Amino acid sequence: VQLQACGGGLVQAGDSLRLSCAITGRSFQKFNMAWFRQNPGKEREFVASITWNDNRSDYADSVKGRFTISRDNAKYTVYLQMNSLKPADTAVYYCAGGGSGRASYNYWGQGTLVTVSS
């Protein structure tokens, strides 16, 4: 199983950005998927997750109401729509799969950098 994240970039505060994570390999349709983020010197932080069977989503308080996680099982892709971006959202964003809730995911993408300028 391989995860490839893309869509990061440099934006201004208040802008929107959509990240995508393409998954290759078997059983994606039965993977819970998630997004995490990390800044240098800091621990990786949970951002959002979505279940495989009923598309139930969960969000960190810091992004709730601004970010939306979704998935397209036919395209083997999970998305993170990020609106009203803030400088505090600046980080490398990672997609993860095959885990549960806010931790313990088995598969990780390589990360995509999001930079939000003030």
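How much length would be gained if the chain were fully extended between LYS86 and ARG56, taking 0.36 nm per residue of separation minus their Cα-Cα distance, in nm to one decimal?
Details: separation 30, 0.36 × 30 = 10.80 nm, distance 2.53 nm.
Here the segment from LYS86 to ARG56 would lengthen by 8.3 nm.
Any cysteines in the chain with zero other Cys Cβ atoms under 4.7 Å from their Cβ? List them, or say none.
By the Cβ distance rule, which asks for a partner under 4.7 Å, the isolated cysteines are CYS6.
Sorted by accessible area (1.4 Å probe), largest first, how do PHE28, PHE46 line up?
The residues order as PHE46, PHE28, largest area first.
Mind telling me which of ALA48, ALA60, ALA88 comes out most flexible in a GNM of the chain, alpha-carbon contacts under 10 Å?
Looking only at ALA48, ALA60, ALA88, the biggest GNM fluctuation is shown by ALA88.
So for the chain: antiparallel DSSP bridges make up what percent, rounded to the nearest 5?
Antiparallel bridges make up about 90 percent of those DSSP assigns within the chain.
For LYS30, give me every one of the aspartates and glutamates with a C-alpha distance below 18 angstrom, ignoring sequence neighbours fewer than eight places off in its own chain.
ASP54, ASP58, ASP72
Whose amide H sits under 5 Å from the amide H of PHE31, counting only residues 5 or more places off or on another chain, with H placed in the peptide plane?
Hits under the 5 Å cutoff: none.
I want to verify a result. In a Gaussian network model of the chain, Cα cutoff 10 Å, which of these has the top mean-square fluctuation: ASP54, ASP72, ASP89?
Largest GNM mean-square fluctuation: ASP54.
Under the rule of at least 5 residues apart or a separate chain, name every residue whose amide H is placed under 5 Å from the amide H of VAL47.
TRP35, PHE36, ARG37
For a quick protection proxy, order the peptides 102-112, 7-17 by their average other-Cβ count within 10 Å, most packed first.
102-112, 7-17
Determine the dipole magnitude for the chain: charges of +1 sit on the beta-carbon of Lys and Arg, -1 on that of Asp and Glu, nothing else is charged, the reference point is the Cα centre, and the result goes in debye to the nearest 20.
Dipole about the Cα centre, nearest 20: 180 debye.
At 1.4 Å probe size, with the rest of the protein present, what percent of the exposed accessible area of the range 14-116 is carbon and sulfur atoms?
46
Highest GNM mean-square fluctuation, the chain, Cα pairs closer than 10 Å: which of GLY41, GLY98, GLY65?
In the Gaussian network model the winner is GLY41.
If contacts are Cα pairs under 8 angstrom and at least 6 residues apart, what is the relative contact order of the range 21-101 in percent? Could the numbers behind the result be given before it?
Numbers: 135 pairs, mean separation 31.0, N = 81.
Averaging sequence separation for qualifying contacts and normalising by length gives 38 percent for the range 21-101.
Using Cα positions and a limit of under 25 Å, work out the lysines in reach of LYS42, with same-chain residues fewer than 8 apart set aside.
Of all the lysines, those that pass the test against LYS42 - Cα under 25 Å, at least 8 places apart if same chain - are LYS64, LYS86.
Could you point to the residue in VAL92, PHE28, LEU80 farthest towards the positive end of the range 1-100's charge dipole, with +1 and -1 charges on the Cβ of Lys/Arg and Asp/Glu respectively?
PHE28
With the cut-off at 1.5 for a/c, could you classify the range 26-74 from its C-alpha gyration tensor as rounded, prolate or oblate?
Taking the square roots of the gyration eigenvalues as a ≥ b ≥ c, the range 26-74 is oblate.
The values are calculated or read from the model by the stated rules, or taken from the named source; none is laboratory data. Since we're looking at a predicted model, the values are computed, not measured. In this analysis, Cβ positions are derived from the backbone assuming ideal geometry, glycine residues included, and neighbour counts consider all displayed protein chains. Areas reflect the complete protein model, heavy atoms only, side chains present, ligands, DNA and RNA absent. Shrake-Rupley method; radii C 1.70, N 1.55, O 1.52, S 1.80 Å.
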